[in-house]
Amino acid sequence: MKPRWTGFGILVLLGLLAGVVLALTACAPPASSPGVKMQRFTVSDRPAPAAEQILRRQISDSPRTLDPSLSEGVPSQNVLEDLFEGLTTITEDGRVTPGVAKSWNISNGGKTYLFHLRPDARWSNGAPVTAADFVYAWRREVNPNTGTEYAEALDPIVHARGIVSGKMPPDRLGVRALGPHTLQVELNYPTPYFLALLSNTYLYPLYPPAIKKWGGAWTLPEHMVSNGAFYLKQWVINGHLTLAKNPYYWDAKTVRLRQVIVYSISDPASALSQYLAGGLDWLNTPAFPTSDTSWVRRRLGKQVVVVPYYGNAYLGMLVHEPPFNNRDLRLAMSMALDRRVLTKDVMRGLAVPAYTLVPPLPGYRQPVPAWARWSRARRLAAARRLYHLAGYSTSHPLRVKLVYPTGGPSQRQFMEALAIMWKQNLGADVTLWNEQWKVFLQNIQYKHAKLFWSAWIGDYPDPFTFMQLFQKGFAMNYGDYDNPAYQRLVAAAQREPDNAKRYRLFTQAGRVLDATMPYIPMYFYVSTHLVKPYVGGWKSNIMDRHLSRYMYILAHRTH
């Protein structure tokens with residue numbers, strides 16, 4: 001039996017964590033080192049638009065695909081929402097607003113939507129965007145042969161579930177073109193977040209002739225036809241993408257940028273260096289290494305933007321395979337983590353401790369487990385009892401590999417801290433294995449990783465965007481969790497028209513989830529951006545979505 005921790009044990013753990021921080025920081029020179037060139041600039045007291053309207057943005061990884069039906073992850077979304085537009089879109093501050101649909105009517109108790117499309121909505125080749133283009137795209141999304149990851153997100157639509165499961169043909173989906181500019185959508189139940197859902201990439205329209213002619217190659221710049229404020233001019237794989245203003249976009253007259261150059265840079269330290277040198281105007285989350293937080297705040301001041309973000313980071317597990325088919329072990333590993341140390345000391349305050357799945361949301365009561373409020377000594381004692389009940393001890397420790405995507409030193413630092421906590425608090429031997437993003441996604445999709453890093457950014461401000469991750473049959477339920485009580489509660493919440501009652505059902509479902517622990521919550525995100533003062537037309541929002549169509553460059557002088 002492992003002895004009860006003493007005050008000395010706590011100091012040992014904190015010392016080890018500090019060692020990880022110092023060692024990893026030493027491997028990569030901080031941005032404040034003399035070798036980093038910092039470009040300076042001045043914005044006029046009476047700002048006016050710059051003559052050259054080119055925005056240089058950064059994304060954290062190269063998109064796996066630019067096919068809206070097949071895309072996944074924030075990097076792809078960052079690009080696609082400039083190239084395409086759905087029935088609805090979002091404002092600068094993240095609110096839902098009309099997109100291709102100029103208006104809509106809702107009837108039948110909230111279950112029938114009639115969308116009126118803009119007659120002047122055009123594809124980038126000048127062809128009109130029609131209701132049939134949405135019908136084609138949505139049927140393609142739910143078709144099992146397409147192999148999409150988000151098909152289950154269309155579950156509110158009539159017959160979507162039956163089509164996704166292969167029991168019905170795609171043409172049975174509850175969406176019809178009543179004319180070139182009229183689209184009717186039938187829902188199974190009232191869905192309060194439906195209009196917000198429609199702004200997401202997997203519900204964008206598609207141009208059928210391009211896909212039918214070019215197949216999988218339709219997303220190449222020379223073949224892609226899109227309907228957003230920009231079109232794809234160039235794509236250098238693992239390098240950069242160049243987006244040019246789409247003259248056929250229905251609201252092109254308000255789009256000030258002529259070009260957006262998107263650079264794929266996964267290492268925050270490299271992105272920060274390029275930003276300081278003047279090569280980038282906008283850095284996405286994470287905008288800089290956590291180890292450089294204090295220096296960045298001191299040197300860049302208001303260019304540093306840190307705000308709450310509707311996302312979480314957690315560890316997933318294959319819950320039906322050893323060793324994680326044991327609930328006691330899963331709960332022990334969760335309780336053994338000191339989230340306050342992780343977020344405050346390791347992440348420099350750039351995260352919020354998470355003990356449950358859904359981030360804070362107005363009107364929703366988080367079902368935080370009781371042990372989250374226990375003293376550290378009590379929590380660790382309970383974790384060790386569960387670890388032993390699961391059959392592990394000092395002489396028979398858990399040995400498992402934690403798989404995570406390649407990132408910068410900050411990512412490795414965090415993973416090292418997890419491994420140290422499990423070693424010191426339980427005696428578990430967790431080895432770390434990092435992989436390139438595309439390889440990592442493939443391995444968790446094919447169930448090749450038993451313990452893996454995961455994260456989710458909400459598609460819309462509703463608990464269901466997180467709850468669906470553990471629904472049976474959802475493509476991104478990578479751990480294959482299936483608890484009948486949880487499934488019943490989530491299904492009941494989905495069919496409940498009263499939003500207050502919906503949220504209470506989701507809270508109950510969250511309690512089931514936290515009691516069975518098919519995942520290990522770690523932290524809720526904050527978004528971190530670096531934005532040059534001469535970039536206008538954007539506002540912080542909890543969804544952290546920033547469309548280039550609103551942005552512009554102010555006249556400035558570099559020196």
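Scanning region 283-320 for residues that are out of contact with any His (no Cβ under 8 Å at 6 or more places or on another chain) and in a loop (DSSP other than H, G, I, E, B) turns up Pro286, Phe288, Pro289, Leu318, Val319, His320.
Of the numbered conditions (1) of a type in the set (A, V, I, L, M, F, W, C); (2) within 22 Å of Val512 (Cα to Cα); (3) at pLDDT 90 or above, Ala449 fails exactly one; give the number of that condition. It is condition (2) that Ala449 fails.
Does Leu178 satisfy the criteria of being touching a helix residue (DSSP H, G or I) at 6+ places or on another chain (Cβ under 8 Å), surrounded by 15 or more Cβ atoms within 10 Å (Cβ to Cβ), closer than 24 Å to Ser107 by Cα and assigned by TED's automatic domain parsing to the domain that holds Ser71? Give the steps one after another, and end with the answer.
Working: touching a helix residue (DSSP H, G or I) at 6+ places or on another chain (Cβ under 8 Å): yes; surrounded by 15 or more Cβ atoms within 10 Å (Cβ to Cβ): no; closer than 24 Å to Ser107 by Cα: yes; assigned by TED's automatic domain parsing to the domain that holds Ser71: yes.
In short, no.
Of all residues in region 342-368, those being touching a residue at least 40 places away in the same chain (Cβ under 8 Å) and not in a loop (DSSP other than H, G, I, E, B) number 7.
Output yes when any residue across region 358-371 is surrounded by 18 or more Cβ atoms within 10 Å (Cβ to Cβ), modelled with pLDDT of 95 or more and within 17 Å of Ala417 (Cα to Cα), and no when none is. No, region 358-371 has no match at all. Being under 15 Å from Leu329 (Cβ atoms) and in the same structural domain as Met517 (by TED's automatic domain parsing), is that true of even one residue in region 402-414? Checked region 402-414: at least one residue is under 15 Å from Leu329 (Cβ atoms) and in the same structural domain as Met517 (by TED's automatic domain parsing). Being part of a helix (DSSP H, G or I), surrounded by fewer than 19 Cβ atoms within 10 Å (Cβ to Cβ) and at negative phi is true for just one of Gln468, Gln487. Which residue is that? Exactly one of Gln468, Gln487 is part of a helix (DSSP H, G or I), surrounded by fewer than 19 Cβ atoms within 10 Å (Cβ to Cβ) and at negative phi, namely Gln487.
Within the bounds of region 200-212, is there any residue that is out of contact with any helix residue (DSSP H, G or I) (no Cβ under 8 Å at 6 or more places or on another chain), surrounded by fewer than 20 Cβ atoms within 10 Å (Cβ to Cβ) and more than 27 Å from Asp93 (Cα to Cα)? Break it down into steps so the answer makes sense when it comes.
Step one: list which residues in region 200-212 are out of contact with any helix residue (DSSP H, G or I) (no Cβ under 8 Å at 6 or more places or on another chain), which gives 209, 212.
Okay, now just the ones that are also surrounded by fewer than 20 Cβ atoms within 10 Å (Cβ to Cβ), so 209, 212.
Narrowing the set further to residues that are more than 27 Å from Asp93 (Cα to Cα) leaves 209, 212.
Yes: one or more hits.
Do the conditions hold for Val319, that is, is it modelled with pLDDT of 95 or more, of a type in the set (Val, Ile, Thr) and in the same structural domain as Ile457 (by TED's automatic domain parsing)? Yes. A search for C-beta distances below 8 Å between a residue of region 234-249 that is over 12 Å from Ser548 (Cβ atoms) and any residue that is small (Gly, Ala, Ser) and not in a loop (DSSP other than H, G, I, E, B), counting only pairs 6+ apart in sequence or on different chains, returns Asn238/Ser264; Gly239/Ser264; His240/Ser264. Just one of the listed residues (Val403, Val430) is part of a strand (DSSP E or B), surrounded by 15 or more Cβ atoms within 10 Å (Cβ to Cβ) and either among the hydroxyl-bearing types (Ser, Thr, Tyr) or in contact with an Asp or Glu (Cβ under 9 Å, 6 or more places away or on another chain) (or both), namely Val403. With respect to the conditions (1) in a helix (DSSP H, G or I); (2) over 16 Å from the mean Cα position of the chain (by Cα); (3) in contact (Cβ under 8 Å) with a residue 24 or more places away in the chain, Leu530 lacks only one, and its number is (1).
Name the single residue, out of those in region 24-66 being over 15 Å from Ala269 (Cα atoms), assigned to a strand (DSSP E or B) and modelled with pLDDT of 75 or more, that is nearest to the chain's Cα centre (by Cα). Before you say what the answer is, go through the steps one by one.
Residues of region 24-66 over 15 Å from Ala269 (Cα atoms): 39-57, 62-66.
Adding the requirement that they be assigned to a strand (DSSP E or B) leaves 41-43, 49, 54-57.
Then drop every residue that is not modelled with pLDDT of 75 or more, which leaves 42-43, 49, 54-57.
Values: Thr42: 34, Val43: 33, Pro49: 32, Ile54: 26, Leu55: 23, Arg56: 21, Arg57: 18 Å.
Result: Arg57.
Among all positions in region 371-387, there is no residue which is part of a strand (DSSP E or B) and either without any contact (Cβ under 8 Å) to a residue 24 or more places away in the chain or under 30 Å from Pro75 (Cα atoms) (or both).
A quick yes/no check of all residues on (1) over 26 Å from Gln494 (Cα atoms); (2) surrounded by 22 or more Cβ atoms within 10 Å (Cβ to Cβ):
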{"residue": "Ala50", "(1), (2)": "yes, no"}
{"residue": "Leu66", "(1), (2)": "yes, yes"}
{"residue": "Ser71", "(1), (2)": "no, yes"}
{"residue": "Gly94", "(1), (2)": "no, no"}
{"residue": "Tyr113", "(1), (2)": "no, yes"}
{"residue": "Leu117", "(1), (2)": "yes, yes"}
{"residue": "Asp120", "(1), (2)": "yes, no"}
{"residue": "Ala127", "(1), (2)": "yes, no"}
{"residue": "Glu149", "(1), (2)": "no, no"}
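When you look at Lys438, is it surrounded by fewer than 21 Cβ atoms within 10 Å (Cβ to Cβ), basic (Lys, Arg), assigned to a loop (DSSP other than H, G, I, E, B) and out of contact with any strand residue (DSSP E or B) (no Cβ under 7 Å at 6 or more places or on another chain), yes or no? Write out each step before concluding.
Details: surrounded by fewer than 21 Cβ atoms within 10 Å (Cβ to Cβ): yes; basic (Lys, Arg): yes; assigned to a loop (DSSP other than H, G, I, E, B): no; out of contact with any strand residue (DSSP E or B) (no Cβ under 7 Å at 6 or more places or on another chain): yes.
Criteria not met by Lys438.
The values are calculated or read from the model by the stated rules, or taken from the named source; none is laboratory data. Nothing here was measured: the structure is a model prediction, and the numbers come from that model. Positions of Cβ are backbone-derived with ideal geometry, glycine not excepted, and every protein chain shown enters the neighbour counts.
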